[in-house]
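The structure under discussion appears below in the form of structure tokens.
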Amino acid sequence: MKSSFNCIIFWLLVLCLGNTASSQTFYDLFDSFEKNKGVEALQPQLDSVLSITTDQTVFSEMSHDFSVKYFRLRDYEAAIKYALIEVKSFEEAQIINEKYTKALYQLGYFYEQTAQLEIAIQCYSKIISVEPNSYRTIQSYGKLGDCYYKLGDYYQAEVYFLKAISDLENYNASGFLASQYLNLAKVYHTLNTDQSQEKELKILNKVLEINRKNQLNDRRLSILYNNLANYYNNEKSYDFNQAKKYYQKLLNHSIKNIDSTSIGIGYGNLGNLYIKQGIDSAKYYLNKSLDYTLSIESKDRVFKNIADLELKNGNRKNALIFIDKAIQVNFINDKIKINEPSLVDFKDAIDPIGVINSLSRKAEILLQQYEDSKKNTYVVEAFKNLQTADSLIDYIQDSNSEESSKMYWRKEASKVYHHAVYCSFILDNPTLAFVYSEKNKAVLLTENIIQNSIDIPSSVKNRKRFLNDKLLEYEKKLEKKKDSNSIKFYNKAILNQRLEIKKYDDSINKNYSEGVGKTYLNQLTNLSDVQKSLSSNEIVISYVWNKEVLFKDHLMCLLITSSDAQIFELENAGKLSIEIAQYLRLLSQPFSTESDIENYALKANSIYNRLFPKEIQDQIKSKKTTIIADGQLQNIPFDALITDIKKHTYLINESQINYAYSLSFSKSNAAINRTAKKNLISFSPTTFDAIGLPKLYNTNEEINSINQFIKGDNYINNKATKSTFKNRINGYKIIHLATHASSGENPFIAFYDSKMGMKELYSLQNNAQLVFLSACDTSIGEIIQGEGTLTLARGFFYTGSQAVVASLWKTSDKSTSYIVEDFYKNIEENQGVSTALHNAKLKYLREHSLSDASPYYWASLKAMGDNQPISLDNYNVYYWIAAIFILILLIFFFLKSRKG
């Protein structure tokens, strides 16, 4: 009793000192309690002191100091508790000042250090909203960049680092500016594209310039040397001597300053460089790096490098040990079950991105062990790791906001899915193979069309289109500017516009959470439902092919019928890749000699036999076959493959081919309610003087031939402008474009007055059941592993189309017009899109021979999407009914007048 009374007296004395107490006093108070009661009994004492403190200033300072002390003791849960108490004390007192934002910043930092990144983002974002024009706000932009980088949302991280750099112009803070540049360089290094590498080197040179003018502190200089070395230690810009030079500079500088962390990083990265160069001392340097204080990220990287070295030397068991160490280092809880991975445990990883990479590598090593031993236990263990990696990918993907970051993750996920399908093949489990083959295709496209169909007021949707259009406007203006001031102005405008779009997206997620929650994962179709939907004459073949999977030269194939599903392994994928390149060259021109025909037949038949094992060949005859292609297969016309060399039989003669991105995409796309009322709108800009493209001579005839069967609104030559297209297309069931197009580095569709690029296309909206792109190269583009080909055709699916007909190469507009005419005749006769194109091609083949029957002329067009007939309004019927009604009226009045 006496002891408790003395304690209360002590606390009261502390409170009496309230207004004069310094932070050191509260640190001392913390230390005295810790000394007398121990850490375990500390919190109740501190809570008691806070509970009787009435002065807000004392209360907040006390909470602040307690949180700092706990953070230094590495009790992060308690540190967050008291930091949160401090923040709430300001908010309850409605005090918004510099101390409040400092408290928020500290709370965000604590959450960030404990991998609670979403909550950290909320804290930093709140600082920006309450104190928009301060140095603390600029720091918060930088910290948001850090958080999004750790979440794998690299393009969003880029936005925030650029914003911090832009706002630092008004401050004399060269050191902090250098830090933000270095962080930005790390983003570009991670993205590892040609464009990002160019930006990375430019940024690093800027930091070198800052260092020449204002000497960087030791820590920042170490980071600069390391980043420069990493730039040259990259396969795209590899330069052994330059990389070694900067790693040596890093080590010399760090040893001089006794910087244990930087020394460890230097030795570890030098070891990585030596692995690539095949230098024996690589292992020595990697092991030496572990003697120093390393960050989690650096330890993870060193363990993986040692695993790679062990694997290179054929020591798979040792490689697995070090991969497990790379996983383990990412968890505060050292009792995590590495060999029983689950999302529940693994989502709390400090670096979930590093863990995904380790899980995928571990699975690949286990599969290599299976190849040696043929023991299924290795496959089962590999599959467990892949399942957890897949769950982590979904978790990260869901937290990414930038489309480009999500695209990056589709590439990373593709290896996981490829391995998972291979495991399913070994375990003879078609159901699992189907799940992962679907997740390997068009996930983002499917999510986009689901999100675009959410029931949101049109005024809100129009706001997003306005923001995107404004961003495009700034980007176009930037391209034309040459002077530094204008470039600077539009770079800043683009940056601010991207932040506005982020705000819009955040508000949609908050206000329409139920609709936004309809993601790809809960719309993923299953094998059983697919089989129920197939008739006896329908078949689906889905390919899974990732050329970056190096441990085995193969691709996978999944065959689905209404009653069965089988998985096949197709070997020698490398040879297939070479044959496809040869096949496309043979397709690029008409046959001119017998030798051309023979060479084509041999190559087309060889690919046919590779892609369709004997077990499949008999099953696809006389069937409607949906092909879900992957990798290079997305750029070839399957119907032009040769099934019989002697008879020169094309696959189109034996099977009707349709193409789909994925069955989950097809299901989601078919579910969209399209409300267009008018039948057809067509655009045929025959001359292109304003944009310097050659004249098209047969496209007007093409439009006239279509109108024989389906009447529509036609925009010819100077009426076929881009603005007309953008303003009119939304009310039509069929959109037909007979024009120029390009699938090059900057894809476009040509109109009379200007070009429409991919970004502009993606900002549109259409209601069409069919878009027909009678233009060159509209079905080819950049192949993104795990997502598909980024084509103009895909752009129309993104904006709302149910089916698209597009071309794989540049062909004669005369032969295309011939097929187009019969296609629309078939559409008018109520045939589905794929069926109509199939029959139009067969008719072309029946009516042409020799060189004119070359696949070059007829095989470029491919139908993708729904094969349902288009519900056209038959205006002719209405005209006949009206005419008959008028005739009856005339007869009635005539008879009446005679009677009168």
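Per-peptide packing, taken as the mean over residues of other Cβ atoms within 10 Å, places 281-287, 382-388 in the sequence 382-388, 281-287 from highest down. With angles folded into 0 to 90 degrees, how steeply does helix 403-426 sit against the dominant principal axis of the chain? Use alpha carbons for both and round to 10. Helix 403-426 sits at roughly 80 degrees to that axis.
As an exercise, use a Förster radius of 22 Å and the Cβ-Cβ distance of residue 510 and residue 395 to find the FRET efficiency, rounded to the nearest 0.05.
About 0.65, to the nearest 0.05.
Summed over all non-identical Cα pairs, the Kirkwood treatment of the stretch 409-463 gives a radius of 13.1 Å. Each part gets one Cα centre, and for the stretch 697-747 versus the stretch 781-855 those centres are 15 Å apart. Suppose a student asked you for the relative contact order of the chain, using Cα pairs under 8 Å spaced at least 6 residues apart; what percent would you report? With pairs under 8 Å counted, the relative contact order is 7 percent. Look at the Cα gyration tensor of the stretch 237-389: its axes a ≥ b ≥ c give a/c of at least 1.5 with a/b at or below b/c, and that counts as oblate.
Under 19 Å from a point placed 7 Å out from the Cα of residue 575 along the Cα-to-Cβ direction: which residues of the stretch 587-608 have their backbone N that close? Zone members listed by number: 599-608. For the stretch 455-517, averaging the sequence separation of C-alpha pairs within contact (under 8 Å, six or more residues apart) and dividing by the residue count gives a relative contact order of 38 percent. Sorting 669-678, 493-502 by average packing, meaning the other beta carbons within 10 Å per residue, from highest down gives 493-502, 669-678. Ordering 407, 864 by the number of other Cβ atoms within 10 Å of each residue's own Cβ, fewest first, gives 407, 864. Short-range pairs are left out: with C-alpha atoms under 8 Å and at least six residues apart, the relative contact order of the stretch 533-573 is 38 percent. Take 253-265, 740-752 and order them by the average number of nearby Cβ atoms within 10 Å per residue, most first; the result is 740-752, 253-265. Relative to the longest principal Cα axis of the chain, at what angle does helix 56-72 sit, 0 to 90 degrees, rounded to 10? Here the helix axis deviates by roughly 80 degrees. Once the Cα-Cα distance is subtracted from the 0.36 nm per residue extended length, the residue 886 to residue 765 segment shows a gain of 39.5 nm.
Between the Cα long axis of helix 2-16 and the first principal axis of the chain there is an angle of about 70°, rounded to the nearest 10. Averaging Cα coordinates gives a centre for the stretch 633-648 and one for the stretch 108-181; these two points are 55 Å apart. With the simple model of a label 7 Å out from the Cα in the direction of the Cβ, residue 339 to residue 528 spans 3.4 nm. Checking the a/c ratio against 1.5 first, then a/b against b/c, what shape does the Cα gyration tensor give for the stretch 663-877? Cα axes put the stretch 663-877 in the rounded bin. One chain, two ends: residue 113 and residue 241. Fully extended at 0.36 nm per residue, the span grows by 42.5 nm beyond their Cα-Cα distance.
Listed from fewest to most Cβ neighbours within 10 Å, the set 219, 74, 465, 301 follows the order 74, 465, 219, 301. Per-residue extension of 0.36 nm, minus the Cα-Cα distance of residue 217 and residue 829, leaves a gain of 212.7 nm for this segment.
By other beta-carbon atoms within 10 Å, ranking 187, 380 with the fewest at the front produces 380, 187. Remark: the stretch 380-389, residue by residue, has Karplus-estimated 3J(HN,Hα) of 4, 5, 4, 5, 4, 5, 5, 4, 5, 4 Hz, where x stands for each Gly or Pro and the curve is 6.51 cos²θ - 1.76 cosθ + 1.60 at θ = phi - 60°.
Phi angles across the stretch 822-837 convert, under the Karplus curve 6.51 cos²θ - 1.76 cosθ + 1.60 with θ = phi - 60°, into 3J(HN,Hα) values of 5, 4, 6, 4, 5, 4, 4, 8, 6, 7, x, 4, 5, 5, 4, 5 Hz, Gly and Pro given as x. Hey, what's the per residue convex hull volume over the C-alpha atoms of the stretch 455-517, in cubic angstrom? Roughly 69 Å³ of hull volume per residue. Between residue 473 and residue 315, the simple spin-label model (points 7 angstrom out along Cα→Cβ) gives 6.3 nm. Short to long, the 10 Å bins of the Cα pair-distance histogram for the chain hold 2, 10, 17, 20, 19, 14, 8, 4, 2, 1, 0, 0, 0 percent of all pairs.
All of the numbers you see were taken from the coordinates with simple rules; none came from a lab. Everything quoted here is computed from the prediction, not taken from an experiment. Positions of Cβ are backbone-derived with ideal geometry, glycine not excepted, and every protein chain shown enters the neighbour counts.
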